[in-house]
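*Asks:* Shown below is the structure under consideration.
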Amino acid sequence: MMVINITNLKNIATKFGCKFVENASMKDYTTFRTGGTCPLLISPNSVSALSEILKICKNSSTPYTVLGNGSNVLVSDDGIDGIVIHIADDLNKITLLDETTIFCEAGVKLGSLCNFALENSLTGLEFTFGIPGSVGGAIFMNAGAYGGEMKDVVTKVYHVDDEGNEGLISGDNLAFGYRTSSYEHNGYIITGAEFSLKKGDKDEIKTKMSDLLGRRKDKQPLEYPSAGSTFKRPEGYFAGALIEECNLKGTQIGGARVSEKHAGFIINYDNATSSDILELIDFVKETVEKEKGVLLTPEVRILR
């Protein structure tokens, strides 16, 4: 791993009162609970702090990786080169802008956003309830489930670019697609977003949230560390069904296993390493392509 002079970054974090951890273990910051370390992890507590951190990185040619709740990533066992900017609980403000519009910062957990919408009798976000991610990460990949996607409710997204300048993108310029958005390509860091919802019945909203959470618990291996659905949905197919048809449920490499509850999930079954998981991902891809003629694409982002 490269040697980085982190003194200036620690000083700016201290100046703004941001939390930081040296030699941070990525096992503590990802839902797969695997991965090596990074030299420095900083959790910005304001857009101003984030802007200053990025300016220092730019001026010192310090590489950085942006991490949210760590629910859709796999960090190499060798760790991450450069620092990690952790957009998490310290960027967690939620505000009602008008009767049907919510603004929230990127570190807000989707569950917290759903509950805020419920308290204000707003419908449209129920599909996200139970997704173990943050707002920033969900927008970055246009997270979706049960017939809903972030593109259905997000109208404006605020960000900071790699030089520390604030900006926003709205409407069609967000370029939402299946598990993608403009932020996957522009390199900007999402800091917040506006959600356009509709007035609804609080009891009906609560019932739908509970129903979807129950369906997740019934069908998904939530009792094991994972990154959710491992593969994107191939056009015309379902990844989990293809994997099951290849009799891969329960297949294990090292401590990584194809879930027997839902074949679309690769789980950290028994102290898996990231290498175990990557090897199993490759094995599943090769088997499905050989037997079904369909090439699966990982939904999980690999960080090194």
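*Asks:* Is there a residue in the stretch 86-98 that is touching a residue at least 24 places away in the same chain (Cβ under 8 Å), over 21 Å from residue 131 (Cα atoms) and either in contact with a Leu (Cβ under 8 Å, 6 or more places away or on another chain) or not hydroxyl-bearing (Ser, Thr, Tyr) (or both)?
*Replies:* Yes, there is a match, as at least one residue in the stretch 86-98 is touching a residue at least 24 places away in the same chain (Cβ under 8 Å), over 21 Å from residue 131 (Cα atoms) and either in contact with a Leu (Cβ under 8 Å, 6 or more places away or on another chain) or not hydroxyl-bearing (Ser, Thr, Tyr) (or both).
*Asks:* For the stretch 13-21, check the following and say yes or no: at least one residue is of a type in the set (Val, Ile, Thr) and either within 20 Å of the chain's Cα centre (by Cα) or open to solvent by less than 50 Å² (accessible area, probe 1.4 Å) (or both).
*Replies:* Step one: list which residues in the stretch 13-21 are of a type in the set (Val, Ile, Thr), which gives 14, 21.
Applying the additional criterion that residues be either within 20 Å of the chain's Cα centre (by Cα) or open to solvent by less than 50 Å² (accessible area, probe 1.4 Å) (or both) yields none.
Among the residues of the stretch 13-21, not one is of a type in the set (Val, Ile, Thr) and either within 20 Å of the chain's Cα centre (by Cα) or open to solvent by less than 50 Å² (accessible area, probe 1.4 Å) (or both), which makes the answer no.
*Asks:* I'm trying to understand the selection: among the residues of the stretch 241-276, which are in contact with a strand residue (DSSP E or B) (Cβ under 8 Å, 6 or more places away or on another chain) and within 26 Å of residue 142 (Cβ to Cβ)?
*Replies:* Passing the criteria: 243, 258, 259, 264, 265, 266, 267, 268, 274.
*Asks:* If you don't mind, another one. Restricting attention to the stretch 22-50, and to residues there that are of a type in the set (A, V, I, L, M, F, W, C) and farther than 22 Å from residue 274 by Cα, which single residue is farthest from the chain's Cα centre (by Cα)? Before the answer, list the steps.
*Replies:* Taking the stretch 22-50 first, the residues of a type in the set (A, V, I, L, M, F, W, C) are 24, 26, 32, 38, 40-42, 47, 49-50.
If we keep only those that are farther than 22 Å from residue 274 by Cα too, we end up with 42, 47, 49-50.
Values: 42: 17, 47: 19, 49: 22, 50: 19 Å.
Per the stated criteria, the residue is 49.
*Asks:* Then there is this: Within the stretch 22-34, how many residues turn out to be open to solvent by 10 Å² or more (accessible area, probe 1.4 Å) and within 19 Å of residue 268 (Cβ to Cβ)? Please lay out each step first, then the result.
*Replies:* Kept after step one, since they are open to solvent by 10 Å² or more (accessible area, probe 1.4 Å), are these residues of the stretch 22-34: 22-23, 25, 27-29, 31, 33.
The next check asks that each one be within 19 Å of residue 268 (Cβ to Cβ); those that pass are 25, 27-29, 31, 33.
Residues that pass the stated criteria total 6.
*Asks:* Being of a type in the set (S, T, N, Q) and within 17 Å of residue 161 (Cβ to Cβ) is the filter here, so list the residues in the stretch 24-59 that pass it. Write out each step before concluding.
*Replies:* First, pick out the residues of the stretch 24-59 that are of a type in the set (S, T, N, Q): 25, 30-31, 34, 37, 43, 45-46, 48, 51, 59.
Once the filter is applied, which keeps residues that are of a type in the set (S, T, N, Q) and within 17 Å of residue 161 (Cβ to Cβ), the stretch 24-59 yields 46, 48, 51, 59.
*Asks:* Based on what the data block shows, is residue 127 more than 19 Å from residue 182 (Cα to Cα) and assigned to a strand (DSSP E or B)? Steps first, answer last, please.
*Replies:* On the way: more than 19 Å from residue 182 (Cα to Cα): yes; assigned to a strand (DSSP E or B): no.
No: the conditions fail for residue 127.
*Asks:* Would you confirm, using the coordinates I've provided, whether residue 173 is in a loop (DSSP other than H, G, I, E, B), out of contact with any Gly (no Cβ under 6 Å at 6 or more places or on another chain) and among the polar types (S, T, N, Q)? Can you show your working first?
*Replies:* Details: in a loop (DSSP other than H, G, I, E, B): no; out of contact with any Gly (no Cβ under 6 Å at 6 or more places or on another chain): yes; among the polar types (S, T, N, Q): yes.
Against the criterion (in a loop (DSSP other than H, G, I, E, B), out of contact with any Gly (no Cβ under 6 Å at 6 or more places or on another chain) and among the polar types (S, T, N, Q)), residue 173 does not qualify.
*Asks:* With the requirement that a residue be among the aliphatic types (A, V, I, L, M) and either in a loop (DSSP other than H, G, I, E, B) or within 19 Å of residue 264 (Cβ to Cβ) (or both), what does the stretch 199-242 give you?
*Replies:* Just the residues of the stretch 199-242 that are among the aliphatic types (A, V, I, L, M), to begin with: 205, 209, 212-213, 222, 227, 239, 241-242.
Correct list: 212, 213, 222, 227, 239, 241, 242.
Rundown of residues vs (1) in contact (Cβ under 8 Å) with a residue 40 or more places away in the chain; (2) surrounded by fewer than 20 Cβ atoms within 10 Å (Cβ to Cβ); (3) farther than 29 Å from residue 232 by Cα, yes/no style:
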| site | (1), (2), (3) |
| --- | --- |
| 110 | no, no, no |
| 142 | no, no, no |
| 146 | yes, yes, no |
| 160 | yes, no, no |
| 167 | no, yes, yes |
| 175 | no, yes, no |
| 178 | yes, yes, no |
| 181 | yes, no, no |
| 208 | yes, yes, no |
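*Asks:* Could you list, in sequence order, all residues of the stretch 52-77 that are open to solvent by 10 Å² or more (accessible area, probe 1.4 Å), in a helix (DSSP H, G or I) and of a type outside the set (A, V, I, L, M)?
*Replies:* Scanning the stretch 52-77 gives 52, 55, 58, 59, 60.
*Asks:* Output yes when any residue across the stretch 215-236 is under 30 Å from residue 60 (Cα atoms), open to solvent by 50 Å² or more (accessible area, probe 1.4 Å) and in contact with a strand residue (DSSP E or B) (Cβ under 6 Å, 6 or more places away or on another chain), and no when none is. Spell out the reasoning first.
*Replies:* Residues of the stretch 215-236 that are under 30 Å from residue 60 (Cα atoms), as a first pass: none.
Scanning the stretch 215-236, I find no residue that is under 30 Å from residue 60 (Cα atoms), open to solvent by 50 Å² or more (accessible area, probe 1.4 Å) and in contact with a strand residue (DSSP E or B) (Cβ under 6 Å, 6 or more places away or on another chain), so the answer is no.
*Asks:* Is at least one residue of the stretch 29-41 closer than 15 Å to residue 87 by Cα, in contact (Cβ under 8 Å) with a residue 12 or more places away in the chain and assigned to a strand (DSSP E or B)?
*Replies:* Yes; the residues of the stretch 29-41 include at least one that is closer than 15 Å to residue 87 by Cα, in contact (Cβ under 8 Å) with a residue 12 or more places away in the chain and assigned to a strand (DSSP E or B).
The values are calculated or read from the model by the stated rules, or taken from the named source; none is laboratory data. Remember, it's a predicted structure, so these values are computed and weren't measured experimentally. Heads up, the Cβs are rebuilt from the backbone with ideal geometry, glycines too, and the neighbour counts pull from every protein chain shown. These accessible areas exclude ligands, DNA and RNA; they are computed on the full protein's heavy atoms, side chains included. Shrake-Rupley method; radii C 1.70, N 1.55, O 1.52, S 1.80 Å.
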